[in-house]
Every structure is written in C-alpha cells, then in structure tokens.
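Working notes for the structure below.
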Amino acid sequence: MILKKFNAMSVAKVSGLLYGLLGLLIGAFVALMSLIGSGTAAMAAKSGKPLFGLLLGAGAVVGLPLFYGGLGFVMGYLGALMYNWVAQMAGGLEFELEEKPADSF
C-alpha cells in the first residue's frame with residue numbers, strides 16, 4: 001500500500017485536539033506548581049498574597065490548552081499540506097498492513 005494523500009482538515013482537527021489535551025495536562029501541572037509556589041512564598045513572607053498564584057494557575061488551565069490546541073491545529077494542517085505536496089513528487093510512503101484475526105484482541 002502507498003499512502004499518497006492526507007485530508008489536511010482531518011489531520012488539523014486531530015492534531016488540534018491532541019495538542020489541546022496536552023496543553024490541559026501542562027496547564028494543570030503549571031497551576032499546581034504556581035499554587036504550591038505562591039502558598040510557600042506567602043507563608044515564608046507572611047504576606048498572605050496567594051492571589052497571583054491562583055490567577056496564574058487559572059490562566060494556565062485555560063490559556064495553555066487554547067494555545068497548544070490552536071498551534072497544533074495550524075501545524076497539523078500545514079504539515080498535511082506539506083506531506084501532500086512532497087508525496088506528489090516522491091510518490092508517497094509505502095507501508096504494509098497486517099490483518100488481525102477476528103477472535104484476537
């Protein structure tokens with residue numbers, strides 16, 4: 001079998017969703033670290049200003065998935081277009097598929 005062309009929009013949708021999920025994971029990690037950091041800094045300084053950590057964490061959970069998802073969508077679309085262009089000149093990727101027996105998982 002030879003893979004000659006991708007539907008660029010379908011690649012863009014899948015890439016956007018995958019990178020959006022990745023952004024959500026990274027955003028959750030950044031939120032956790034900012035909460036821990038602001039809590040320990042507030043305790044050390046006795047200032048009681050953990051608001052910055054809360055805002056940074058909330059921004060990370062919302063902003064990073066949107067940023068990563070949008071970037072993944074655009075790059076997936078451009079990558080599929082570039083593959084289609086190169087595959088047209090080079091003939092595509094050759095690969096083999098093996099059919100799995102119906103009774104196995």
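Please determine, by comparing only the residues of the range 62-72 that are touching a residue at least 40 places away in the same chain (Cβ under 8 Å) and either among the small types (Gly, Ala, Ser) or touching a Ser or Thr at 6+ places or on another chain (Cβ under 7 Å) (or both), which one is surrounded by the most Cβ atoms within 10 Å (Cβ to Cβ).
Out of the qualifying residues, it is GLY72.
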Number of positions in the range 73-105 that are hydroxyl-bearing (Ser, Thr, Tyr) and free of Cβ contacts under 8 Å to residues at least 24 places away in the same chain: 1
Scan of the range 73-105 for residues that are assigned to a loop (DSSP other than H, G, I, E, B) and either under 28 Å from the mean Cα position of the chain (by Cα) or loosely packed, with under 10 Cβ neighbours inside 10 Å (or both), ordered by number: GLY92, PHE95, GLU96, LEU97, GLU98, GLU99, LYS100, PRO101, ALA102, ASP103, SER104, PHE105
Among residues of the range 1-15, those that are in a helix (DSSP H, G or I) and over 23 Å from LEU66 (Cα atoms), counted: 0
Failed item in (1) at pLDDT below 90; (2) not in a loop (DSSP other than H, G, I, E, B), with LEU18 passing the rest: (1)
Candidates PHE67, PHE73 - the one that is of a type in the set (Phe, Trp, Tyr), within 30 Å of MET1 (Cα to Cα) and at pLDDT 90 or above: PHE73
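The values are calculated or read from the model by the stated rules, or taken from the named source; none is laboratory data. Every value quoted in this text rests on a predicted model; they were computed, and no experiment measured them. Positions of Cβ are generated from backbone atoms using ideal geometry, with glycine treated the same way; all protein chains shown enter the neighbour counts.
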